[in-house]
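S.K.: One structure, pasted below without further comment.
The values are calculated or read from the model by the stated rules, or taken from the named source; none is laboratory data. Note that this is a predicted model, so its numbers are computed, not measured. All Cβ positions, even for glycine, are placed from backbone atoms using ideal geometry, and neighbour counts span all protein chains on display. Just the protein is used for accessible areas: all its heavy atoms, side chains included, with ligands, DNA and RNA removed. Shrake-Rupley method; radii C 1.70, N 1.55, O 1.52, S 1.80 Å.
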Amino acid sequence: MNIQNVFQIQVGIDPGIVANYDGVIILGSLSEQAIKRLKHYNPNIIVIDDVNTNCSFVDTIGTDLYNLTLKALNLLKKTG
């Protein structure tokens, strides 16, 4: 894998620039609308660690620590 560029969304980017890459990795949170706009230019998008978005139209990687913690605590409580 070769990482070509790292863009910081806070300083703004032209979404059309992602069309030139084989894929786009988004770290953190973006609005669903922003992800859709980027996907328009490049369909190969992966979103990592965005706990606020349930984007079924892109691949996501993340953990739901809140629900996993509740599940673990309930299991501990159940087993005494």
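S.K.: For residue 77, state whether it is in a helix (DSSP H, G or I), of a type in the set (D, E, K, R), touching a Phe, Trp or Tyr at 6+ places or on another chain (Cβ under 9 Å) and modelled with pLDDT of 90 or more.
M.R.: Numbers: in a helix (DSSP H, G or I): yes; of a type in the set (D, E, K, R): yes; touching a Phe, Trp or Tyr at 6+ places or on another chain (Cβ under 9 Å): no; modelled with pLDDT of 90 or more: yes.
No; evaluated as a whole, the condition is false for this residue.
S.K.: Residue by residue through segment 61-80, note down the ones that are open to solvent by 80 Å² or more (accessible area, probe 1.4 Å) and under 10 Å from the mean Cα position of the chain (by Cα).
M.R.: The one that is open to solvent by 80 Å² or more (accessible area, probe 1.4 Å) and under 10 Å from the mean Cα position of the chain (by Cα): 61.
S.K.: I'm trying to understand the selection: among the residues of segment 1-46, which are hydrophobic (A, V, I, L, M, F, W, C), surrounded by fewer than 14 Cβ atoms within 10 Å (Cβ to Cβ) and under 10 Å from the mean Cα position of the chain (by Cα)?
M.R.: Selection gives 27, 46.
S.K.: Out of all the residues in segment 1-46, which are in a loop (DSSP other than H, G, I, E, B), modelled with pLDDT under 90 and closer than 17 Å to residue 59 by Cα?
M.R.: Passing the criteria: 28, 29, 30, 31.
S.K.: Scan segment 21-44 for residues that are within 12 Å of residue 9 (Cβ to Cβ) and either among the basic types (Lys, Arg) or touching a residue at least 40 places away in the same chain (Cβ under 8 Å) (or both) and report the count.
M.R.: Initially, segment 21-44 is screened for residues within 12 Å of residue 9 (Cβ to Cβ), giving 24, 26-31, 34-35, 37-38.
The next check asks that each one be either among the basic types (Lys, Arg) or touching a residue at least 40 places away in the same chain (Cβ under 8 Å) (or both); those that pass are 37.
Residues in segment 21-44 being within 12 Å of residue 9 (Cβ to Cβ) and either among the basic types (Lys, Arg) or touching a residue at least 40 places away in the same chain (Cβ under 8 Å) (or both): 1 in total.
S.K.: Using the structure shown, decide if residue 35 is among the aliphatic types (A, V, I, L, M), in contact with an Asp or Glu (Cβ under 7 Å, 6 or more places away or on another chain) and closer than 24 Å to residue 67 by Cβ.
M.R.: Spelling it out, it is not the case that residue 35 is among the aliphatic types (A, V, I, L, M), in contact with an Asp or Glu (Cβ under 7 Å, 6 or more places away or on another chain) and closer than 24 Å to residue 67 by Cβ.
S.K.: Residue by residue through segment 27-53, note down the ones that are touching a helix residue (DSSP H, G or I) at 6+ places or on another chain (Cβ under 7 Å) and β-branched (Val, Ile, Thr).
M.R.: 45, 47, 53
S.K.: State yes or no: is residue 49 free of Cβ contacts under 8 Å to residues at least 24 places away in the same chain, of a type in the set (Asp, Glu) and either surrounded by 11 or more Cβ atoms within 10 Å (Cβ to Cβ) or under 24 Å from residue 65 (Cβ atoms) (or both)?
M.R.: So residue 49 passes the test.
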